[in-house]
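*Asks:* Let me begin by handing over the structure; questions about it come next.
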Amino acid sequence: MPNQSLNNSWRAQAQSFGRILLYQGDITILDTDAIVNAANSSLLGGGGVDGAIHRAGGPQILDECRRLRAGHYGKGLRTGEAVITTGGRLSAKHVIHTVGPVWNGGHKQEPELLANCYRNSLRVAAENGLHSIAFPGISTGIYGYPKPEATTVAVREVLAFLEAHAQPAEVVFVVFDAENKRLYERELTAKTLA
Ligand code: AR6
């Protein structure tokens, strides 16, 4: 198992908000049942967290993505949809790939499409009997979605799903930087105490 010591320590560093955990660091070290990839519609890799996941998980993930493209997803994965593959060499068993919206000023259905990413990823996790899932800040890097607005959507959608479903039992929000961490802390404290 790669990075075993890191795998054991991330939980100790995470903040807990009931069934939600907040962790600052690299999503590729997590040993949740699934980690979510902020992919693009080609499913064939890219930069940001997508590149990091494929690098850490190895070629098995890309092989499975290619098979998806050769089958049901011939035209690629549409924005807001989600699909599951192996986690390859990752500690996480699976990767759930979703395509966030490119930020275009906020009037091109970006909030609805981003909400779909969270809902559909959680639905795929539940359908596959997964207990735990970790999300990066979908669309908040290369796709330019403003972080405060993206955080509001992410927290709202995850809380709504958890309220209505027993599985996944645990959801981890993974943030890369301190600014993002503060945004999630504020939102989670307000919403989970409300
Ligand atoms: N662990 C956790 N979070 C990360 C990591 C990591 N290892 N690396 C980046 N982030 P981005 P997008 C954060 O750009 O905006 C790719 O090329 C990052 O700080 O990865 O949805 C795809 O193929 C940011 O907050 O995804 C698409 O073409 C968040 O993850 C496009 O980028 C998402 O940043 C998708 O753009």
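The values are calculated or read from the model by the stated rules, or taken from the named source; none is laboratory data. Keep in mind the model is a prediction, meaning the values are calculated, not measured. Virtual Cβ from ideal backbone geometry, glycine too; neighbours counted across all protein chains shown.
*Asks:* Taking residue 56 as the residue in question, decide whether it is in contact with a Pro (Cβ under 7 Å, 6 or more places away or on another chain), under 24 Å from residue 181 (Cβ atoms) and within 13 Å of the ligand (Cβ to nearest atom). Spell out the reasoning first.
*Replies:* Values: in contact with a Pro (Cβ under 7 Å, 6 or more places away or on another chain): no; under 24 Å from residue 181 (Cβ atoms): yes; within 13 Å of the ligand (Cβ to nearest atom): yes.
Spelling it out, it is not the case that residue 56 is in contact with a Pro (Cβ under 7 Å, 6 or more places away or on another chain), under 24 Å from residue 181 (Cβ atoms) and within 13 Å of the ligand (Cβ to nearest atom).
*Asks:* Could you list, ordered by first residue, the pairs with Cβ atoms under 8 Å in which the first is in segment 50-69 and closer than 15 Å to residue 29 by Cβ and the second is at pLDDT below 95 and assigned to a helix (DSSP H, G or I), at least 6 apart or interchain?
*Replies:* Pairs found: none.
*Asks:* For the subset of segment 33-49 comprising residues that are in contact with a Leu (Cβ under 8 Å, 6 or more places away or on another chain) and not small (Gly, Ala, Ser), which member is farthest from the ligand (Cβ to nearest atom)?
*Replies:* Going through the qualifying residues, I end up with 33.
*Asks:* May I pose another question? May I ask you to say which residue of 178, 134, 125, 160 is hydrophobic (A, V, I, L, M, F, W, C) and touching a Lys or Arg at 6+ places or on another chain (Cβ under 9 Å)?
*Replies:* When all the criteria are applied, what remains is 160.
*Asks:* Would you tally the residues in segment 164-183 being within 15 Å of the ligand (Cβ to nearest atom) and farther than 15 Å from residue 118 by Cα?
*Replies:* 9
*Asks:* List the number of the failed condition for residue 91; all other conditions in (1) in contact (Cβ under 8 Å) with a residue 12 or more places away in the chain; (2) surrounded by fewer than 21 Cβ atoms within 10 Å (Cβ to Cβ); (3) small (Gly, Ala, Ser); (4) away from the ligand (no atom under 16 Å from the Cβ) hold.
*Replies:* (4)
*Asks:* Say whether the condition of being within 15 Å of the ligand (Cβ to nearest atom), at negative phi and part of a loop (DSSP other than H, G, I, E, B) is met by at least one residue in segment 110-129.
*Replies:* Among the residues of segment 110-129, not one is within 15 Å of the ligand (Cβ to nearest atom), at negative phi and part of a loop (DSSP other than H, G, I, E, B), which makes the answer no.
*Asks:* Of everything in segment 14-29, what is more than 9 Å from the ligand (Cβ to nearest atom) and part of a loop (DSSP other than H, G, I, E, B)? Give them in sequence order.
*Replies:* Scanning segment 14-29 gives 14, 18, 19.
*Asks:* I'm checking my understanding of the structure. Among residues of segment 27-39 that are in contact with a helix residue (DSSP H, G or I) (Cβ under 7 Å, 6 or more places away or on another chain) and of a type in the set (S, T, N, Q), which one is surrounded by the fewest Cβ atoms within 10 Å (Cβ to Cβ)?
*Replies:* Among those that are in contact with a helix residue (DSSP H, G or I) (Cβ under 7 Å, 6 or more places away or on another chain) and of a type in the set (S, T, N, Q), it is 28.
*Asks:* Can you report the number of residues in segment 159-187 which are assigned to a helix (DSSP H, G or I) and either farther than 22 Å from residue 144 by Cα or not hydrophobic (A, V, I, L, M, F, W, C) (or both)?
*Replies:* 14
*Asks:* Given the criteria more than 12 Å from the ligand (Cβ to nearest atom) and part of a helix (DSSP H, G or I), does residue 9 qualify?
*Replies:* Taking the combined requirement at face value, the residue satisfies it.
*Asks:* Among the residues of segment 53-68, is any closer than 18 Å to residue 172 by Cα and under 17 Å from the mean Cα position of the chain (by Cα)?
*Replies:* Going residue by residue through segment 53-68, those that are closer than 18 Å to residue 172 by Cα are 53.
Among the residues that remain, those that are also under 17 Å from the mean Cα position of the chain (by Cα) are: 53.
The answer is yes; a qualifying residue exists.
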